[in-house]
Structure formats: structure tokens, C-alpha cells
Amino acid sequence: MALQSSRGLYLFLRTLEVAVDDDVITEDEMAILNILSRCLDLPDGVIGACWAVVRGSMASPITSDEEASWSGKRLGDATCYQSAIIAALDDEVITDEEMAMLDCLRKAMGIQTNEHAMVAEAVLHMINNAGEERHRDRFEAYLTSHPYR
């Protein structure tokens with residue numbers, strides 16, 4: 001699959017680099033990556049091609065000028081970030097690797113402290129409305145052990 005340069009691809013590749021840092025993509029990390037690829041409107045099957053880019057067997061279509069112009073905030077980023085957080089909450093614990101992926105995504109999107117706080121509040125509100133105590137406990141543990149930096 002030939003990759004088309006886009007901001008979504010840039011964000012996905014940045015996050016994937018963190019996910020494969022330990023040379024293993026867990027099922028939980030894969031869930032976040034699948035949701036992220038949909039949120040970023042990437043084509044089906046993109047993960048395999050992106051894996052090749054991250055491993056160095058395929059050249060990235062993204063230039064350094066594009067990277068510079070695509071860093072920072074865009075409309076819809078907070079919603080995408082929120083979806084990734086919810087995906088991370090779906091299993092028993094948010095692992096260090098998942099935390100690193102969320103941090104990478106947040107930084108690449110340029111999400112600031114106040115925006116992170118609004119997303120966190122929205123996630124907690126959804127969790128409370130759904131009566132998902134285990135999700136609330138997990139999310140509060142995530143916020144405590146991994147506050148916004």
C-alpha cells in the first residue's frame with residue numbers, strides 16, 4: 001500500500017513509533033491504534049504500511065516541512081484524543097505503553113493543559129452517566145499516576 005502524506009498519517013506514525021518502541025504491539029495498543037486510524041480517517045490496511053515505515057523498510061512520505069506545519073492543534077483533535085483515552089480505558093489497566101501513546105498523541109496535537117482538563121472532565125462525565133465504576137476508577141488512577149505534563 002502506498003501511503004499518502006497527510007496530517008492524520010503524521011499523527012498516526014508518531015503514535016505508532018511509541019507503540020513499537022518495545023518491539024511488541026499488544027492487543028490493547030492495537031485497539032487504540034485502530035480507533036486512532038479511524039478518527040484520523042486513514043484508509044483500511046494502513047497499519048501494515050505504517051509498520052514498514054517505522055521499521056525502516058519503507059520510506060515515509062512525510063517531509064520535515066510537513067511535520068513542522070502539522071504539529072499543533074486542529075479542529076477535532078480533542079475528540080480524537082478523547083476517543084483514544086476511552087479505548088485505553090476499555091481493558092483492565094492503562095499500561096505504561098498506552099500512557100506513552102496517549103502522551104505522544106497529546107503532544108503531537110498540541111493539546112494544552114486546559115484542553116486536556118476539558119477532555120478529562122468530559123470522559124469522567126460520560127463514565128459517570130454510564131455507571132461504569134471500573135472505568136472511572138481506572139481513569140482516575142491514570143490521571144493520578146500520569147498527570148498532564
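The values are calculated or read from the model by the stated rules, or taken from the named source; none is laboratory data. Computed from a predicted structure; not experimentally measured. All Cβ positions, even for glycine, are placed from backbone atoms using ideal geometry, and neighbour counts span all protein chains on display.
Run down ARG14, ARG38 and say which single residue is buried (at least 20 other Cβ atoms within 10 Å of the Cβ), over 18 Å from VAL93 (Cα atoms) and of a type in the set (Lys, Arg).
ARG14
Can you list residue pairs whose Cβ atoms sit under 7 Å apart, with the first residue in region 87-109 being touching a residue at least 24 places away in the same chain (Cβ under 8 Å) and the second being part of a helix (DSSP H, G or I) and of a type in the set (Asp, Glu)? Count only pairs 6 or more apart in sequence or on different chains.
ALA88/GLU98; ASP91/ASP28; THR95/ASP28; GLU97/GLU29; GLU98/ASP28; GLU98/GLU29; MET101/GLU29; MET109/ASP77
Mind checking which pairs have a first residue in region 11-22 that is among the basic types (Lys, Arg) and a second that is at pLDDT below 95, Cβ under 8 Å, 6 or more apart or different chains?
ARG14/CYS104; ARG14/LEU105; ARG14/ALA108
Based on what the data block shows, is LEU105 modelled with pLDDT under 90 and not hydroxyl-bearing (Ser, Thr, Tyr)?
no
Return the pair list, or none, for Cβ contacts closer than 6 Å from residues in region 52-79 that are within 30 Å of GLU115 (Cα to Cα) to residues that are part of a loop (DSSP other than H, G, I, E, B) and among the acidic types (Asp, Glu), at least 6 apart or on different chains.
Note: no pairs meet the criteria.
Count, please, the residues in region 93-125 that happen to be in contact with a helix residue (DSSP H, G or I) (Cβ under 8 Å, 6 or more places away or on another chain), part of a helix (DSSP H, G or I) and farther than 30 Å from SER69 by Cα.
Qualifying residue count, region 93-125: 1.
Based on what the data block shows, is MET58 at pLDDT 90 or above and in contact with a Lys or Arg (Cβ under 7 Å, 6 or more places away or on another chain)?
No, not satisfied.
Among the listed residues LEU75, LEU89, which satisfies the condition of being out of contact with any helix residue (DSSP H, G or I) (no Cβ under 8 Å at 6 or more places or on another chain) and within 19 Å of ILE35 (Cα to Cα)?
That would be LEU75, the only listed residue that is out of contact with any helix residue (DSSP H, G or I) (no Cβ under 8 Å at 6 or more places or on another chain) and within 19 Å of ILE35 (Cα to Cα).
Would you mind telling me which numbered condition in (1) closer than 22 Å to ASP21 by Cα; (2) at pLDDT 90 or above ASP96 fails?
ASP96 satisfies all of (1) closer than 22 Å to ASP21 by Cα; (2) at pLDDT 90 or above except (2).
Tally time: how many residues in region 127-149 are surrounded by 14 or more Cβ atoms within 10 Å (Cβ to Cβ) and modelled with pLDDT of 85 or more?
So the answer is 1.
Within region 70-90, identify whether any single residue is more than 22 Å from ALA19 (Cβ to Cβ), surrounded by fewer than 18 Cβ atoms within 10 Å (Cβ to Cβ) and of a type in the set (Val, Ile, Thr), and answer yes or no.
no
Pick from region 1-47 the residues that are small (Gly, Ala, Ser), touching an Asp or Glu at 6+ places or on another chain (Cβ under 7 Å) and closer than 21 Å to ALA78 by Cα: which of them is modelled with the highest pLDDT?
GLY8
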